[in-house]
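Read-outs throughout are calculated quantities, based only on the coordinates presented, and are distinct from any laboratory measurement. Keep in mind the model is a prediction, meaning the values are calculated, not measured. Please note: Cβ atoms are built from the backbone with ideal geometry, for glycine as well, and neighbour counts cover all protein chains shown.
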Amino acid sequence: MTEITKSKKKRDAEATKARILQAAKKEFAKHGLGGARVDEIAERANANKRMLYHYFGSKEDLFRTVLEAAYLDIRSAERKLNLESLSPTDAMESLVRFTWKYYLKNPEFITLVNSENLHRARHIKSLPNLPETMHGLVGMVEDILKRGQESGEFREGIDATQLNITIAAIGYYYLTNRFTGSYLFGKNLMTEQALEERLDFNVDSILRIVKAEQNASK
């Protein structure tokens, strides 16, 4: 087999795996692990089940791979924000805005996380690199808080892990409950105006949590 042939086969294999992962993400996000069908994933990916099992093993293994990719993608996108180059206040606002917009642009991420919580994190527990990426996010927020405290912008005593959870929660809850919320509150929570208002509220809420008393009203 020539080097050109080997290279082409490798590219074809990588392209097939990428199509399978993309199709699987949509199928798992829509139906969860239990309801997802391998036949549907293979058809969407323009592949066959034999190739799917060859590359990823079982359906559960494929689900695990999709989850890992989803978590690594958001962590990678966060690192590209270059928050260390911004002032503490601007960095915190940028992180809140990014998180909200990421959820809107990647709705599968939320539904995949919901699905894994139903399984009590059974699948991600076998992915030892994921906690390390989360530690990186916490460290990034700790750095912002430290810089803000040194500049007098932020108050002391803020736990970076708790703050991360809150930043995620104020966007996550709104979007996962958008249908029931829209009905119960009597307004469409997903209009462009409603989404902008929610983002502004999220930013204001987080900044009020972290700001030092003399800066809280600014």
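Spread over its residues, the convex hull of the C-alpha atoms of segment 95-147 is 88 Å³ per residue. A cut-off of 5 Å between modelled amide H atoms, ignoring neighbours fewer than 5 places along the same chain, links A121 with no other residue. Annotation note: trypsin sites (Lys or Arg not before Pro) in segment 104-140 located in DSSP loop regions with a Cβ neighbour count of at most 14 within 10 Å are R120, R122.
Across T16, T111, T191, mean-square fluctuation computed from a Gaussian network of the chain (C-alpha pairs under 10 Å connected) peaks at T191.
Projected label points at A212 and L81, each 7 Å from Cα along the beta carbon direction, are separated by 2.2 nanometres.
Along segment 152-164 the Karplus relation, 6.51 cos²θ - 1.76 cosθ + 1.60 evaluated at θ = phi - 60°, assigns HN-Hα couplings of x, 6, 10, 7, 7, x, 8, 7, 5, 5, 4, 5, 4 Hz to successive residues, with x for each Gly and Pro.
Here the residues M51, M92, M134, ranked from fewest to most Cβ neighbours within 10 Å of their Cβ, fall in the order M134, M51, M92.
Charge dipole of segment 59-215 (Cα centre as origin; +1 on each Lys and Arg Cβ, -1 on each Asp and Glu Cβ, all else neutral): 500 debye, rounded to the nearest 20.
Checked against a 19 Å cut-off, the cross-linked pairs K25/K59; K146/K211; K17/K105; K25/K187 give Cα-Cα distances beyond that limit for K17/K105; K25/K187. Between F154 and Q149, A212, the built amide H atoms are under 5 Å apart, and every one of these is 5 or more places off in sequence or on another chain. Principal-axis analysis of the Cα atoms of the chain puts helix 3-35 at an angle of about 60° to the longest axis. Return, ordered by residue number, the residues of segment 77-114 whose backbone nitrogen is under 17 Å from a label point located 7 Å along Cα→Cβ of F179. Only 107-114 pass the distance filter.
Please give the residues of segment 52-73, grouped as numeric ranges, whose backbone N is less than 15 Å from a label point set 7 Å along the Cα-to-Cβ vector of H31. Label zone hits: 59-60, 62-63. With coordinates expressed along the principal axes, the C-alpha atoms belonging to segment 59-215 extend over 53, 43, 24 Å, beginning with the largest. Considering helices alone, the calculated mean residue ellipticity of the chain at 222 nm is -25500 deg cm²/dmol, with DSSP H runs of length four and up weighted by -39500 (n - 2.57) and normalised per residue. Look at the dipole of segment 1-117 built from charges on Cβ: of S94, A23, A77, the Cα furthest out on the positive end belongs to A23. Working note: Debye formula, equal point scatterers on the alpha-carbon atoms of segment 1-107, no solvent; log10 I(q)/I(0) at q = 0.13, 0.19, 0.22 Å⁻¹ is -0.63, -0.93, -1.09.
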